[in-house]
Amino acid sequence: MFKFVLNDAATCVRNNVRDFSLNALRLLPHLPQLSPYDVNLQLRENEFVYNFPVDGIVRSYETNQLGSNSPCEDSRTEASLLHRNGFICGIFDGHGGAACGQVVSKRLLRYVSAATLPRQVLKEHIKQNCNSQSFLKCHNDNVDFVNEIKPIYEHSFQKYIKQLSQTPQRDVGSELVHAFLQLDEALSHEALATIDVRTMGVALSGAVACLVHLEGLQLHVASTGDCGAVLGVLDPQTSQWQPKKLNIEHNADNMTEVKRILDEHPKEEHDTAIRNGRLLSQLAPLRAFGDYRYKWSLDIMQKKVVPLIGEQAMAPNYYTPPYLTARPDVQQHELSVNDKFLVIASDGLWDFLSPSEVVSLVGEHINSKKILEPMRLPEGNPTLQQISDQLAERKAGLTRKPIDQNAATHLIRNALGATDYGIEHSKISYYLSLPKDVVRLYRDDITITVIYFNTEHIARLRDAGTGISAPAA
């Protein structure tokens, strides 16, 4: 119970973190002042950049992660879809431990890559004894499941694709919803069938997820919980950056979500189903993978979980489960030439920055990075005046030269160090110097992926009136 009280305190502090002044942080016991070099080392430790070698919809992506929990409970995965053009990635924010987030981050992309493959192609691969990694190519994943667990997960995947092959093809949004729910159901079955402490640990911990599926011009964002996705749109008339939210958070601030949960339970539970902004007074996200202590029947909890974990596994006022679902909301968007990038991130970023601020920061970062590229003269026969103007523009841009080439790092730096007068190094240093036992009170894990779209390729597809392009690498 202490863990949940601590989580409540942490959430209360972080929800008001933007109101904290630098002077308030300085009231903490004296902390070592990190040098700019040390700050950069910490901020850039988990950077990753991937540039696609094939001319496709996605030009590149940049990602980074800064932990708060130990171990970090956030996970991230990015991959190209095989056998057709496509890109898929996700941010996964775990809670109650890192287990569920780590497992779902690997397995969900495999489920979705199989589900969105044409059924006939899927059937052909099943005949060739495909496995869970046959339908995608990961770009930043060097760790696999332990040998004892791997066959269990592979068996569940084979069962899933066999079922898929026997059902009609659905639209992408429906396939995403089905994949989310089937993976979550597999977590439950694996835990109850094996009674292994590892599979049970995955089922009892939890994770929220934001998954991006991109094929041709069709962009789908499936979200369960409180991660966020925002599209960066460049207005061609004003040259201003505009944000477009592509998901809805499932938390107590979302009154539609609150009403949905209350409507699913008797009126006698309306005061207890959601209390103090939390599900059964404990869980902040109102949808999540795992967290089966809020989903399993009373009989299963008493016979399977309580003997293993103890009475503290039972949530208070637990009468009419399930109270929680992994069902995502899916938003679809057709890309246009004005759509320049997409940012997905765990709530650790959104505690500090709004979607509008995030889009502005990435947009400014794109513009400032142009001075790092080789100078290109205008096409045709440019005049000396045109060349002079271009040189003057590049010279002026030197004052905006970015500290970080990775946009995800740029966002983390601004989240931790932004003030009314620019980036405050000492503020970042304080956040990065906080002891492990208190840092969670001031910031959550932050994980960010920034996806850059290929405007020229989008224009060609739209002119051709098709959303089909060459396979990605």
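Brief remarks on what is shown
- In percent, rounded to a whole number, the relative contact order of region 279-318 is 51, using alpha-carbon pairs under 8 Å and six or more apart.
- Along principal axes, Cα extents of region 71-175, largest first, whole Å: 42, 28, 23
- For region 177-190, putting each phi into the Karplus relation 6.51 cos²θ - 1.76 cosθ + 1.60 with θ = phi - 60° gives couplings of 4, 4, 5, 4, 5, 5, 5, 5, 5, 5, 4, 5, 4, 5 Hz, in residue order, rounded to whole numbers and with x for Gly and Pro.
- Column: log10 I(q)/I(0), Debye, Cα scatterers of region 176-322, q = 0.09, 0.20, 0.21 Å⁻¹: -0.37, -1.28, -1.35
- Residues of region 338-372 falling in the label zone of D55, defined by backbone nitrogen less than 20 Å from a point 7 Å along Cα to beta-carbon, are 338-340.
- Dividing the summed -39500 (n - 2.57) terms of all DSSP H runs of n ≥ 4 by the residue count of the chain sets its mean residue ellipticity at 222 nm at -11500 deg cm²/dmol.
- Backbone N under 16 Å from the S239 label point (7 Å along Cα→Cβ), restricted to region 50-72: none
- Computed over protein heavy atoms with a 1.4 angstrom probe, the accessible surface ordering of Y319, Y442, largest first, is Y319, Y442.
- Solvent exposure of the chain, expressed per residue, is 46 Å² of accessible area, with all protein chains present and a 1.4 angstrom probe.
- Normalised contact order of the chain, rounded percent, pairs of Cα under 8 Å and 6 or more residues apart: 26
- Scaled to the globular estimate 2.2 N^0.38 Å, the Cα spread of region 295-373, given as radius of gyration, is 1.95.
- Here region 307-344 is scanned for amide nitrogen atoms under 14 Å from the site 7 Å beyond the Cα of D171 along Cα-to-Cβ, giving 330-334.
- Here the accessible area is traced with a 1.4 Å probe on the protein chains. For the chain, carbon and sulfur cover 53 percent of it.
- The heavy atoms of K295 present about 20 square angstrom of accessible area, all protein chains included, probe 1.4 Å.
- Normalising by residue count, the chain has a Cα convex hull of 170 Å³ per residue.
- Formal net charge of residues neighbouring V306 (Cβ-Cβ distance under 14 Å; K, R +1; D, E -1): +1
- The string of couplings for region 132-139 from the Karplus curve (6.51, -1.76, 1.60, θ = phi - 60°) is 5, 9, 7, 10, 7, 10, 6, 10 Hz, one whole number per residue in order, with x for Gly and Pro.
The values are calculated or read from the model by the stated rules, or taken from the named source; none is laboratory data. The structure displayed is predicted, hence computed values, not measured ones. Backbone-built Cβ (ideal geometry, glycine too); neighbour counts: all protein chains shown. Protein only, heavy atoms only, side chains kept; ligands, DNA and RNA dropped before computing areas. Shrake-Rupley method; radii C 1.70, N 1.55, O 1.52, S 1.80 Å.
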